[in-house]
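K.L.:
Take this structure first; my questions come after.
The values are calculated or read from the model by the stated rules, or taken from the named source; none is laboratory data. Note that the coordinates shown come from a computational prediction; the quantities given were computed from them, not determined experimentally. All Cβ positions, glycine included, derive from the backbone under ideal geometry; neighbour counts span all protein chains shown. These accessible areas exclude ligands, DNA and RNA; they are computed on the full protein's heavy atoms, side chains included. Shrake-Rupley method; radii C 1.70, N 1.55, O 1.52, S 1.80 Å.
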Amino acid sequence: MPAMEGSQSTVAMTTFRLPFEMIIEILSRLPVKSLLRFKSVCRTWYDLIETPHFISKHLLTHSTRNHTPLLENSLNLVTDNREFSLIYNDGFNSGPINLDFPFLDRRNYGRTSRYGGEYYISIGGICNGLVCVGISCFGYHLFLCNPSTRQFREILNPEWNNENLYGGQVSFGFGFHPSANDYKLIRIVLYFTHGYSIQADLYVMSTDTWTEINVNKLSLFLGEMNEGGEYDSIVQIGGSSATALNGVFYWPALVVPTDQVLVMSFDMGNEVFRRIRTPECLDKTGNLYNWQFTELDDKIALVISDYERGFDVWLLNENESCWTNQIKVGPFPSIARDMGYGVDGDITMVGGGKNGELLVWEHKYSGELKFFSYDIKTRETMDLYCGLVPYTSSVYLYAGTLLPVMQANEIALNK
């Protein structure tokens, strides 16, 4: 026993004799769950891990790594509650870790709103390890949470000034604006009652304030007005949340009634919406469910499921004028059925890795989840996770972070 104690003492002394810069480098490469424990080692480490500089360094270090954890959003068929879980790709296949956020408990909600605020969960966006969650169809309750640290807070809503909310359609975007070094959240609501109308509000995290976007900036959502005072077309955004890149949000959209598909973008800096044409293969498909966005090589990538055991990937150029570099992905040797949604389960693209590979997950209705990466250059796949994940409805790439949910704007993240 004395020898054991002596060895531990020697290790501790050696650790603390390391140059402080080296200790920072070592700690910045550790996962959040380890750092939360190491805050109890000594006051020096506690203070270090709490500093904005270390939090920024840790996030940038882990954002350049591949095979980050997965965030699972699922419906528990036993409790009828939505659940968030983290799945770590560490080779141990330990299964999902339930986060048990109290705001997910449906008993806290109900049809208490005059607009019908029933229990409904949507991901408004994930950025730098922070997750925006909307509860009820229109996001009457909005929360910002950090799954790694279990911190969360409610984002207070602005007063609704429209009595025709019920029957509308809501879309979100949550992301980081690099030049402002700030996080922003946009909520767009399209109303169908008594004709078409649209409202958009922008939330700024640093000031904890909402601002209604000028109605003139929303004109791209509406077509020409006819003699009867009605619009001949309307742009509907598909999906609840946007993909954000370099301070710009991107949503898939559909022009009704022409069924033309396009992309709507919103620049967080100048608060301007744009219409972006999609590749010709999507012209007039009227289908928003077989394509999605991800980030690939620091560009927005449009991934199209061709339902022939593969995906087509298109990259948007810098001035958003055209899509180039079509890449055919698949078929995958380990999957013997079509992409997309089927009777046996779902196969979808989760996102793009930092080394240019694509990350794919297959979830069977039996509960088996397979998560693997696909190298575009070598056309090889590598299994990252295989296990049982019951009740899964959606899975997202997630980078663990120490960012606080209260004052994250103080953390300088510009590279």
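K.L.:
Using θ = phi - 60° and the Karplus curve 6.51 cos²θ - 1.76 cosθ + 1.60, what whole-Hz ³J(HN,Hα) does each residue of the stretch 52-61 get, with Gly and Pro shown as x?
P.N.:
x, 4, 5, 4, 5, 5, 4, 5, 5, 5
K.L.:
Quick one: which of Lys57/Lys377; Lys217/Lys364; Lys39/Lys377; Lys184/Lys299; Lys217/Lys299; Lys33/Lys184 span more than 32 angstrom between C-alpha atoms?
P.N.:
Working: Lys57/Lys377 30 Å; Lys217/Lys364 43 Å; Lys39/Lys377 42 Å; Lys184/Lys299 20 Å; Lys217/Lys299 25 Å; Lys33/Lys184 27 Å.
The pairs that break the limit, which is 32 Å between Cα atoms, are Lys217/Lys364; Lys39/Lys377.
K.L.:
For the stretch 122-136, in order, what is each residue's ³J(HN,Hα) by Karplus, 6.51 cos²θ - 1.76 cosθ + 1.60 with θ = phi - 60°, in whole Hz (x at glycine and Pro)?
P.N.:
9, 8, x, x, 10, 8, 6, x, 9, 10, 9, 10, x, 10, 5
K.L.:
Which residues' amide hydrogens lie under 5 Å from the amide hydrogen of Val389, considering only partners 5 or more residues apart or on another chain, with H built in the peptide plane?
P.N.:
Distant-sequence amide H within range of Val389: Glu368, Leu369.
K.L.:
Report, by chain and number, residues whose modeled amide H sits under 5 Å from the one on Leu384, excluding near sequence neighbours (fewer than 5 apart, same chain).
P.N.:
Phe371, Phe372, Ser373
K.L.:
May I ask you to give the percent of accessible area on the stretch 164-264 that is carbon plus sulfur, with a probe radius of 1.4 Å?
P.N.:
On the way: 1940 of 4100 Å².
Ligands and nucleic acids excluded, carbon and sulfur reach 47 percent.
K.L.:
Still on this structure: Per-residue counts of other Cβ atoms within 10 Å, averaged by peptide: what ranking do you get for 314-322, 262-270, 398-406, highest first? Don't skip to the end; give the middle numbers.
P.N.:
Values: 314-322: 13.9, 262-270: 18.9, 398-406: 20.6.
Going by the mean number of other Cβ atoms within 10 Å, highest first, we get 398-406, 262-270, 314-322.
K.L.:
Sticking with this one: Mind checking the stretch 370-399 for trypsin sites (Lys or Arg not before Pro) that DSSP puts in a loop (not H, G, I, E or B) and that have at most 16 other Cβ atoms within 10 Å?
P.N.:
Numbers: sites: Lys370, Lys377, Arg379; in loops: Lys377, Arg379.
Qualifying residues, ordered by number: Lys377, Arg379.
K.L.:
Taking amide H atoms as placed 1.01 Å from N in the peptide plane, list the residues 5 or more away in sequence, or in a different chain, whose amide H sits under 5 Å from that of Ile213.
P.N.:
Ala200, Asp201, Leu202
K.L.:
Now for a separate question. With every protein chain present, what is the per residue accessible area of the stretch 203-274 (1.4 Å probe, Å²)?
P.N.:
Values: 3320 Å² over 72 residues.
Value for the stretch 203-274: 46 Å² per residue.
K.L.:
Work out from phi, with θ = phi - 60° and the Karplus expression 6.51 cos²θ - 1.76 cosθ + 1.60, the ³J(HN,Hα) of each residue of the stretch 399-405, listed in order in whole Hz, and give x for Gly and Pro.
P.N.:
The phi angles translate into 9, x, 8, 9, 3, x, 8 Hz.
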